[in-house]
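In what follows, a structure is listed as structure tokens, so that the remarks can point back to it.
The values are calculated or read from the model by the stated rules, or taken from the named source; none is laboratory data. The shown structure was predicted, so the numbers you read here are calculated from the model rather than taken from an experiment. In this analysis, Cβ positions are derived from the backbone assuming ideal geometry, glycine residues included, and neighbour counts consider all displayed protein chains. Keep in mind that these areas ignore ligands, DNA and RNA; they rest on the heavy atoms of the full protein, side chains included. Shrake-Rupley method; radii C 1.70, N 1.55, O 1.52, S 1.80 Å.
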Amino acid sequence: MSEARNKAIAAGTATAALNNLTTAQKNEALALMADALVANRDDIIAGNDIDIERGRAGDTSESLLDRLRLDYKRIEAIAQGLREVIALPDPVGEKVAAFERPNGLRIEQLRVPIGVVGIIYEARPNVTVDAAGLCLKTGNAVVLRGGSAAIESNKRIVAALRGALRKSAIPEDALQLVEDASRASANEMLKLNGLLDVIIPRGGAALIRNVVENATVPVIETGAGICHTYVDATADYEMAEAIALNAKVQRPSVCNSMETLLIHADFAGKHLERLADSFRRASVELRADAAAKARVSWAIEATDEDYATEYNDYILNVRVVHDLDEALAHIARFGTKHSECIVTENQANADRFLQEVDAAAVYHNASTRFTDGFEFGFGAEIGISTQKLHARGPMGLPALTSTKYRIRGQGQIRG
């Protein structure tokens, strides 16, 4: 029997014990997990160094290496994320609805764990901790399958977390890591119906497409992030520059970073050269349409393929548009329904953008980088869903629950 199947079976066995735990018991386990990360940080960083060196030898870009890299500060921040999940309300057992039928049946709808959650993800070891913490807090067992780029980091992180669980009421088998990082192991997880209740992919477009197209287990799609910022004619320059730079440069390797900057022709006529120089000073390569390139001669000519690419790097498309309609059409064609922004002082345009753009998160005068469970006050996040069923946007604790009905009667039968 394969590793993935064995670990899914072990996780499933642990769900019975998870279902009977109190919030206090689950929170105690999370606190032990956070402490274990900090206590084992030297060992975790040693494993991470192995991953970083392997990635560098394989010519992995610096922006992607940054997603992979761990240090004392980042490990403490990850541990703090667990501690913040402790402080959040436990949705399990929450009464969603309660009512009585004319025949005397008393019906309650309650939040319950999903069961066994499979997570398939790439080179982000923080996902290992975030997923474990959120799943366990909601009474779910979790089977993690990270990418080969972070395998040493993930093995040491999970060893520390399982060690903490041995001191808690949560069975350590509720947390599993599939150490076989081959594509075959991921593909096998997609077919583990009856063992996994849902699969959540986190990664690039190719990984997500493979999961969505091939899984027979239900999937919550966390889509790729081709995010746009549209700078309208009335935008304040200082605000527009700050938002655009933050959306691209603050951390370009993540899914909520901006990939295309749309600029109204009137704004471009006044400010594009200045704005382009700010991006050049930030080491961003610009790929521009003809109108933008006419003002920024050093930019590379942009193609439709560029507009459809999630760079996760210091590369930005720039396109000049003549009105809001043209910006909306571009976003509808190339966007991935993740995060979109308008910078404008025109309230009517802002309202229309917020209403018409079909995305999980739509912003007026704020960076797309805020699409994040931590920034939304959810503690950590299990991912950012770009689909419309079950959950959409940053997924915190409630997104990891389902519901069931509890019905109490006094002998009623249906006529």
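Tabulated results
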{"quantity": "Residue in the range 113-134 that is open to solvent by 20 Å² or more (accessible area, probe 1.4 Å) and more than 20 Å from residue 75 (Cα to Cα) present", "calculated": "yes"}
{"quantity": "Residues located in the range 288-310, provided they are out of contact with any Ser or Thr (no Cβ under 8 Å at 6 or more places or on another chain), within 25 Å of residue 338 (Cβ to Cβ) and not hydroxyl-bearing (Ser, Thr, Tyr)", "calculated": "288, 289, 292, 299, 300, 302, 304, 305, 306, 308"}
{"quantity": "Candidate set: the range 188-210, residues that are over 13 Å from residue 119 (Cα atoms) and out of contact with any helix residue (DSSP H, G or I) (no Cβ under 7 Å at 6 or more places or on another chain); chosen: the one most open to solvent (accessible area, probe 1.4 Å)", "calculated": "209"}
{"quantity": "Failed criterion for residue 87 (all others in (1) surrounded by fewer than 17 Cβ atoms within 10 Å (Cβ to Cβ); (2) aliphatic (A, V, I, L, M); (3) modelled with pLDDT of 95 or more hold)", "calculated": "(3)"}
{"quantity": "Any hit, the range 308-315, residues being over 24 Å from residue 364 (Cα atoms), touching a strand residue (DSSP E or B) at 6+ places or on another chain (Cβ under 7 Å) and surrounded by 18 or more Cβ atoms within 10 Å (Cβ to Cβ)", "calculated": "no"}
{"quantity": "Residue within the range 248-261 that is more than 20 Å from residue 133 (Cα to Cα), among the polar types (S, T, N, Q), touching a residue at least 60 places away in the same chain (Cβ under 8 Å) and touching a His at 6+ places or on another chain (Cβ under 6 Å) present", "calculated": "yes"}
{"quantity": "Meets criteria (polar (S, T, N, Q), in a helix (DSSP H, G or I) and in contact with a helix residue (DSSP H, G or I) (Cβ under 7 Å, 6 or more places away or on another chain)) for residue 185", "calculated": "yes"}
{"quantity": "Single residue of 234, 229 found to be crowded, with 23+ Cβ neighbours inside 10 Å and either modelled with pLDDT of 95 or more or assigned to a strand (DSSP E or B) (or both)", "calculated": "229"}
{"quantity": "Some residue of the range 241-263 being in contact with an Asp or Glu (Cβ under 6 Å, 6 or more places away or on another chain), farther than 30 Å from residue 126 by Cβ and modelled with pLDDT of 95 or more", "calculated": "no"}
{"quantity": "Number of positions in the range 258-307 that are among the β-branched types (Val, Ile, Thr) and open to solvent by 60 Å² or more (accessible area, probe 1.4 Å)", "calculated": "2"}
{"quantity": "Total residues in the range 350-390, condition touching a Gly at 6+ places or on another chain (Cβ under 9 Å) and either in a loop (DSSP other than H, G, I, E, B) or β-branched (Val, Ile, Thr) (or both)", "calculated": "19"}
{"quantity": "The range 211-225, subset part of a helix (DSSP H, G or I) and in contact with a strand residue (DSSP E or B) (Cβ under 8 Å, 6 or more places away or on another chain), residue surrounded by the fewest Cβ atoms within 10 Å (Cβ to Cβ)", "calculated": "212"}
{"quantity": "Candidate set from the range 1-40 (those that are among the basic types (Lys, Arg) and within 14 Å of residue 175 (Cβ to Cβ)); member that is most open to solvent (accessible area, probe 1.4 Å)", "calculated": "7"}
{"quantity": "Sole exception among (1) more than 21 Å from residue 119 (Cα to Cα); (2) in a helix (DSSP H, G or I) for residue 399, by number", "calculated": "(1)"}
{"quantity": "Residue match in the range 54-64 (condition: open to solvent by 40 Å² or more (accessible area, probe 1.4 Å) and either in contact with a Pro (Cβ under 7 Å, 6 or more places away or on another chain) or within 21 Å of residue 141 (Cα to Cα) (or both))", "calculated": "no"}
{"quantity": "Scan of the range 111-125 for residues that are farther than 25 Å from residue 214 by Cβ, touching a strand residue (DSSP E or B) at 6+ places or on another chain (Cβ under 6 Å) and not charged (D, E, K, R), ordered by number", "calculated": "112"}
{"quantity": "Helices (runs of 4 or more DSSP H) contained entirely in the range 286-346, each with at least 3 residues that are within 23 Å of residue 269 (Cβ to Cβ) and touching a residue at least 24 places away in the same chain (Cβ under 8 Å)", "calculated": "324-334"}
{"quantity": "Candidates 375, 356, filtered to the one that is at pLDDT below 95 and surrounded by fewer than 22 Cβ atoms within 10 Å (Cβ to Cβ)", "calculated": "375"}
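This table checks each residue for (1) over 21 Å from residue 386 (Cβ atoms); (2) out of contact with any Lys or Arg (no Cβ under 9 Å at 6 or more places or on another chain); (3) at pLDDT below 95.
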residue	(1), (2), (3)
274	yes, yes, no
278	yes, yes, no
284	yes, no, no
288	yes, no, no
298	yes, no, no
310	no, yes, yes
315	yes, no, no
332	no, yes, no
